[in-house]
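Below you'll find the structure, written out as structure tokens, and then a few comments.
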Amino acid sequence: MGKSYTPEYKQYVIKLVREEGRPAKQVSRELEIPYGTMMRWIENDRKKKNALPEEDIPLTPSEYKKKLAAYEKELKSVQEENE
């Protein structure tokens, strides 16, 4: 029997390919996930569309950076208002 992956992990991998634009074969190799398995996840996700609530899907590195930058900008703005 093969490895078992959580729905959250599958969504993370799907986002790496679809939203980050990373090559599927590269992601498959890097994460040691069989290419066919990963492509099946992507196809199933296309059919389901938003299988998990957005807050349950882990952020990709670039999404994290964007959120962090927005948070820091907002924090700086609030700090300036308080002064």
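The values are calculated or read from the model by the stated rules, or taken from the named source; none is laboratory data. Only a predicted model underlies this, so the values are computations on that prediction, with no experimental measurement involved. Positions of Cβ are backbone-derived with ideal geometry, glycine not excepted, and every protein chain shown enters the neighbour counts. Ligands, DNA and RNA are excluded from the accessible area calculation, which covers all protein heavy atoms including side chains. Shrake-Rupley method; radii C 1.70, N 1.55, O 1.52, S 1.80 Å.
Results, tabulated for the structure shown:
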| read-out | value |
| --- | --- |
| Candidate set: region 3-26, residues that are of a type in the set (A, V, I, L, M) and closer than 11 Å to Thr60 by Cβ; chosen: the one most open to solvent (accessible area, probe 1.4 Å) | Val17 |
| Qualifying residue in region 19-38 (condition: assigned to a loop (DSSP other than H, G, I, E, B), at pLDDT below 80 and within 19 Å of Thr6 (Cα to Cα)) | no |
